[in-house]
Amino acid sequence: MTHLDQLSWAEEEFPRQEGFTATSSGDAVTVVGICPRCQGQTSWTFRKGEMGAVAADDIETVRELMPTIICGCGHLHDKRPDDSDEDGCGAFWKIALTP
Ligand SMILES: [Zn+2]
Ligand SMILES: [Zn+2]
């Protein structure tokens, strides 16, 4: 898939996405997949303690919580607010991990 460079930034919620994979290392779990809006490769890292009361130190925990991911494709999409600390197109969605 090709990243949609010309897409303008917009905050937009997407339905639950499948096909994301997670890897665990040390005190963090990294989830990787494709953004449903701009098709960019997005990776999101959860560190221990960042997911509410439950420590995100294992993949099973992340799988159960179905956390929300914000696009982090790394592309500077047009119209992204200057004060945004996001690193993508503004899309967000919950993930279901591929077993
Ligand atoms: Zn993007
Ligand atoms: Zn995106």
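The values are calculated or read from the model by the stated rules, or taken from the named source; none is laboratory data. The structure displayed is predicted, hence computed values, not measured ones. Heads up, the Cβs are rebuilt from the backbone with ideal geometry, glycines too, and the neighbour counts pull from every protein chain shown.
When T68, T98, T42 are checked against the criterion of being surrounded by fewer than 17 Cβ atoms within 10 Å (Cβ to Cβ), modelled with pLDDT of 80 or more and hydroxyl-bearing (S, T, Y), a single residue qualifies: T68.
Close contacts from the range 36-62, counting a first residue that is assigned to a strand (DSSP E or B) and a second that is within 16 Å of ligand 1 (Cβ to nearest atom) and at pLDDT below 60, with Cβ to Cβ under 7 Å and a gap of 6+ residues or different chains, come to none at all. Taking the range 21-33 as the range and being within 16 Å of ligand 1 (Cβ to nearest atom) and either touching a residue at least 60 places away in the same chain (Cβ under 8 Å) or at positive phi (or both) as the test, only G33 passes. Of all residues in the range 63-99, those satisfying the criterion of being free of Cβ contacts under 8 Å to residues at least 60 places away in the same chain, more than 16 Å from ligand 1 (Cβ to nearest atom) and either more than 11 Å from the chain's Cα centre (by Cα) or in a loop (DSSP other than H, G, I, E, B) (or both) are R63, E64, L65, M66, P67, D82, D83, P99. Got at least one residue in the range 16-35 being within 16 Å of ligand 2 (Cβ to nearest atom), more than 12 Å from I95 (Cα to Cα), under 16 Å from the mean Cα position of the chain (by Cα) and modelled with pLDDT of 95 or more? Checking the range 16-35: not a single residue is within 16 Å of ligand 2 (Cβ to nearest atom), more than 12 Å from I95 (Cα to Cα), under 16 Å from the mean Cα position of the chain (by Cα) and modelled with pLDDT of 95 or more.
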